[in-house]
1. Restricting attention to region 55-86, which residues are touching a helix residue (DSSP H, G or I) at 6+ places or on another chain (Cβ under 8 Å), of a type in the set (D, E, K, R) and part of a strand (DSSP E or B)?
2. Taking region 41-82 as the search range and keeping residues that are open to solvent by 80 Å² or more (accessible area, probe 1.4 Å) and in contact with a Phe, Trp or Tyr (Cβ under 9 Å, 6 or more places away or on another chain), which one is farthest from Gln31 (Cα to Cα)?
Amino acid sequence: MTKIPGPPSFNGLKKRIADHRAGTAGRMGGQFVRETYCLTREEARAKAREWFDAFPKAAYWTEVESWRQLDGDQIEFTMRRLPSAD
């Protein structure tokens, strides 16, 4: 009777994936410029307006990536845009 071999080792595949992620981390993860702020509601609106005025959405894909309301009328938010317009 012939012995059936077990499953192959995934060590080589794991190493290739890790190497690929390490090599593309700077390019893929750095595709957008992000800044996080914690401001009062009115200051947050003004800061977001600054971003949209300086980096128009059509060219830079500018957007409020995430936001949350904190105690004391504070807003924590992250703005995101492309590093440059093509």
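1. Glu63, Arg81
2. Looking at residues that are open to solvent by 80 Å² or more (accessible area, probe 1.4 Å) and in contact with a Phe, Trp or Tyr (Cβ under 9 Å, 6 or more places away or on another chain), I get Glu43.
The values are calculated or read from the model by the stated rules, or taken from the named source; none is laboratory data. Since this is a predicted model, take the numbers as computed values, not measurements. Reconstructed Cβ throughout: ideal geometry from the backbone, glycine too, with neighbour counts over all protein chains shown. All accessible areas refer to the heavy atoms of the entire protein, side chains included, with ligands and DNA or RNA removed. Shrake-Rupley method; radii C 1.70, N 1.55, O 1.52, S 1.80 Å.
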